[in-house]
Amino acid sequence: MSYFIHESSFVDPGTEIGNGSKIWHFCHVGKNVKIGNDCVFGQNVFIADKVSIGSKVKIQNNVAVYAGCEIHDEVFLGPSCVLTNVTNPRSQVNRQALYEKTVFKRGCTIGANATIVCGISIGRYAFIGAGSVITKDVPDYGLYIGNPGKQVGWMSRHGHILKDPIDNIMKCPESGLSYTFKDGNLICIDLDEEEPLPESLKSGKNQYDTYK
């Protein structure tokens, strides 16, 4: 396996790290953690024992991923976002056997300083705005902001608001991929949600404001 661990970081025994992954300054990865390929952990990241993290995950500075969290492929955890694992914590009550499961599905984004209350699921390619507090399940492609977090729209795989439907089809202004609703769920018509982006769409070419 070829991966990088900065000399200031600690990785406990039994952890598996995939090819191409990088763990930067002052991180602590617990025991028996599974980390996929091509992940990047920024400064001061903590990963609890036995957590599973997919491939191509980006965890920015000052993020703690606690027991009970499940991180799928291509998830983005923004700087200082907060994940939890007990709904009703008390210092005097031991609930270490009662950690709640929180699932971050493929490609979702958690914005800087957002808080994810445990026991919920964040859908594929969902987008949680910076500083939001999320207390309920979020659907695929859902755009949520505020405290408590509320849905204000839909986001494409490239992170652009989907709007102005024509014949119930919305197009991403950057990628050109089309989206529609099927059985009440938003789906991408051109590319299955579990498929990686084609090489021609993996690099952004213009800043966000260009597509407003």
By the Kirkwood definition, with r running over pairs of different Cα atoms, region 49-174 has a hydrodynamic radius in Å of 15.0 Å
From fewest to most C-beta neighbours within 10 Å, the residues Glu199, Glu174, Glu16, Glu74 line up as Glu199, Glu16, Glu174, Glu74
Classified through the alpha carbon gyration tensor (a ≥ b ≥ c as square roots of its eigenvalues; rounded if a/c is under 1.5, else prolate when a/b is larger than b/c, else oblate), region 168-212 comes out oblate
GNM of the chain, Cα pairs under 10 angstrom: of Ser156, Ser200, Ser91, the biggest fluctuation goes to Ser91
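In debye to the nearest 20, how big a dipole does region 1-153 give about its Cα centre with +1 on each Lys and Arg Cβ and -1 on each Asp and Glu Cβ?
For this selection, approximately 300 debye.
Arranged by the count of other C-beta atoms within 10 angstrom, fewest first, what order do Tyr144, Tyr211, Tyr99, Tyr179 take? Don't skip to the end; give the middle numbers.
Values: Tyr144 24, Tyr211 14, Tyr99 17, Tyr179 21.
Fewest to most other Cβ atoms nearby, the residues stand as Tyr211, Tyr99, Tyr179, Tyr144.
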Spelling it out for Ala64: with amide H atoms placed in the peptide plane at 1.01 Å from N, the residues 5 or more places away or on another chain with amide H under 5 Å from its amide H are Phe46, Leu83
Counting sequence-distant residues (5 or more places) and residues on other chains, those with an amide H built under 5 Å from that of Lys22 are Phe4, Cys39, Val40, Phe41
Surrounding charge for Gly68, neighbours by C-beta under 12 angstrom, Lys/Arg +1, Asp/Glu -1, total 0
Full extension between Thr135 and Asn168 adds, at 0.36 nm per residue less the Cα distance, a length in nm of 8.9 nm
Computed ³J(HN,Hα) along region 165-172: with the Karplus parameters 6.51/-1.76/1.60, θ = phi - 60°, integer Hz and x for glycine or proline, the list is x, 10, 6, 6, 10, 10, 10, 6
Dividing the mean separation of Cα pairs under 8 Å (6+ apart) by the residue count of the chain yields a relative contact order in percent of 9 percent
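List the relative contact order of region 133-212 as a percent without decimals, with contacts defined as Cα pairs under 8 Å and 6+ residues apart. Please list the in-between numbers first.
On the way: 94 pairs, mean separation 13.6, N = 80.
About 17 percent, as a whole number.
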In the list [x] 18.0; [y] 17.1; [z] 19.3, the entry giving Kirkwood radius over Cα pairs in Å computed from the coordinates is [x]
Log entry: pair-distance distribution for region 21-113, C-alpha pairs binned every 10 Å from zero, whole % per bin is 18, 53, 25, 5, 0
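Read the figures in this text as sums done on the coordinates, not as results from a lab. All values reported here derive from a predicted model rather than from experimental measurement. Counting neighbours? That spans all protein chains shown, and the Cβs are built from the backbone with ideal geometry, glycine included.
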